[in-house]
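To start, the structure under review is shown below, and the notes come after it.
The values are calculated or read from the model by the stated rules, or taken from the named source; none is laboratory data. Here the structure is a predicted model, which is why all the values come from computation and not from measurement. Note that each Cβ is placed from the backbone with ideal geometry, even for glycine, and that neighbours are counted across all protein chains shown. Heavy atoms of the whole protein, side chains included, go into the accessibility calculation; ligands, DNA and RNA do not. Shrake-Rupley method; radii C 1.70, N 1.55, O 1.52, S 1.80 Å.
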Amino acid sequence: MTGPATARGPSTARDVAVVAFAASPCERRGDGTTGGVEMLVPIFAEVYAQTGLTKGDIGFWCSGSSDYLAGRAFSFVQAVDAIGAVPPIMESHVEMDGAWALYEAWVKILTGEADIALAYGFGKSSGAELRRVLALQLDPYLHAPLWPDSVSIAALQARLGIESGRWTEKDMAEVASRALGAAQSNPQAQISGKITATELLEAPYVADPLRAHDCAPVGDGAAVVIIASGDRARDLCERPAWITGFEHRIDSAALGARDLLAVPSAAAAARAADVARAAGVARAAGTVDVAELHAPFSHQEILLREALGLGDGVAVNPSGGALCANPMFAAGLSRIGYAARAVMTGRAGRALGHATSGAVLQQNLTCVMETRS
């Protein structure tokens, strides 16, 4: 679903807001299973505590994960153990990042089938060779049989940008340096630290022109977001993050059919989501105070900032972003969660959460949220 579900105003859709968010620490968990139960139980308890809700209050559940990453079919069923068997629930699943599970939950509330919904995403990347697993999302006839790993493909994109004059290796290092510094205040981050771009550039290449700091770390983690309609949201949260636009778009999966230095799906999703329901007028995505961008590689943040029209005054990835914690199938949902938290805590009046899926920013989702008096 892309167009029909966009929030267009109180007369055509219900008000929906994020009321709670939690994420597990991102780390390599040698003792965990690929089902995610160990990571999910604590954060379910956290959002229950934030809202005072119980399992029985949730009208709809939706999860995001990957059988390819887990290495077995219907792997998400094991994660349902974290919810519990009683009472019965209305549940769904997407083979995508949890951000797309949140989208489905949002649609469920818009249609009136639920008043409160919970979306979660989880992934155990350390149990597999992630760079090779992600090759399976490529064209199954021409590209996937060659097993080009995700880092090498991103390196081709980064090299294109350097050769065309769009950015330099120093620009990429500055993105990483800022992210690592910001992540020092995020206890869920996998890596953090105060280090200059000059110091980062002394490191060897992982895949020319990418160095380790240019690539998201491999780690395991989970995230959960609760959304609610209208008055229920006001009851559950002192300052809800009201969703004013929620859209996703897709570019071609064929690498040769795309301009790797453009992200039209991200720009289109941002334009489609750019409806301020409270004011009844459209505003540019660049007017947000905070933007959490799902950029697994440093140069991709540069691409996304440009595609989304984010100005210098926008605080980008104050959580540290995916360069400091990138749990597969939870990182995109976390971006929306951190953006919502900025609104709920009063650090932002309007925020943008972004998620991506597929090779080199092929699929993009945007969620715009704001506070209301």
Review point. Relative contact order, percent, of the chain when contacts are C-alpha pairs under 8 Å separated by at least 6 residues?
Key: 25 percent
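Please compute the length gained on full extension between SER373 and ALA253, using 0.36 nm multiplied by the number of residues separating them and subtracting their Cα-Cα distance. Don't skip to the end; give the middle numbers.
Numbers: separation 120, 0.36 × 120 = 43.20 nm, distance 4.27 nm.
Stretched out fully, the SER373 to ALA253 stretch lengthens by 38.9 nm.
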Point to revise | Modelled FRET efficiency - R0 22 Å, GLN184 with ASP312, Cβ distances, 0.05 increments | key: 0.50
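So if I take the alpha carbon set of the chain, get Rg, then get Rh from the Kirkwood formula, what is the Rg over Rh ratio? Walk me through the intermediate numbers first.
Details: Rg = 19.3 Å, Rh = 20.4 Å.
Rounded to two decimals, Rg/Rh equals 0.95.
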Revision key, fill the gap. Output for the stretch 138-200: trypsin sites (Lys or Arg not before Pro) sitting in coil per DSSP, at most 11 other Cβ within 10 Å, listed by number, reads LYS194
Practice item. Using Cα pairs closer than 8 Å and at least 6 residues apart in sequence, work out the relative contact order for the stretch 131-214, in percent. Key: 25 percent
Point to revise | Reachable aspartates and glutamates, given that their alpha-carbon falls under 16 Å from the alpha-carbon of LYS55 and they are not under 8 places away in the same chain | key: GLU46, ASP81, GLU91, ASP115
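Counting heavy atoms of the protein chains only and a 1.4 Å probe, report the per residue accessible area for the chain as a whole number of Å².
Values: 14400 Å² over 373 residues.
Heavy-atom SASA per residue in the chain reads 39 Å².
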**Study point:** In range of the label at LEU201: residues from the stretch 132-168 whose backbone nitrogen is under 14 Å from the point 7 Å along Cα→Cβ
**Key:** 167-168
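To the nearest 500 deg cm²/dmol, what mean residue ellipticity at 222 nm is calculated for the chain from DSSP H runs of n ≥ 4 alone, each contributing -39,500 (n - 2.57), summed and divided by the residues?
Numbers: 12 runs with 113 residues, N = 373.
After summing the helix terms and dividing by residue count, I get -8500 deg cm²/dmol.
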**Study point:** For ALA268, net neighbour charge (Lys/Arg +1, Asp/Glu -1) across residues whose Cβ lies under 11 Å away
**Key:** -1
Review point. Can you give the extra length, in nm with one decimal, that the chain gains between LEU146 and ARG239 once fully stretched, where that is 0.36 nm per residue apart less the Cα-Cα distance?
Key: 28.5 nm
Point to revise | Rounded Å value of the spacing that divides the Cα centres of the stretch 285-334 and the stretch 132-164 | key: 21 Å
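What percentage of the solvent-accessible surface of the stretch 39-91, computed with a 1.4 Å probe over protein heavy atoms, is contributed by carbon and sulfur atoms?
Working: 1540 of 2480 Å².
For the stretch 39-91, the apolar C and S fraction of the accessible surface comes to 62 percent.
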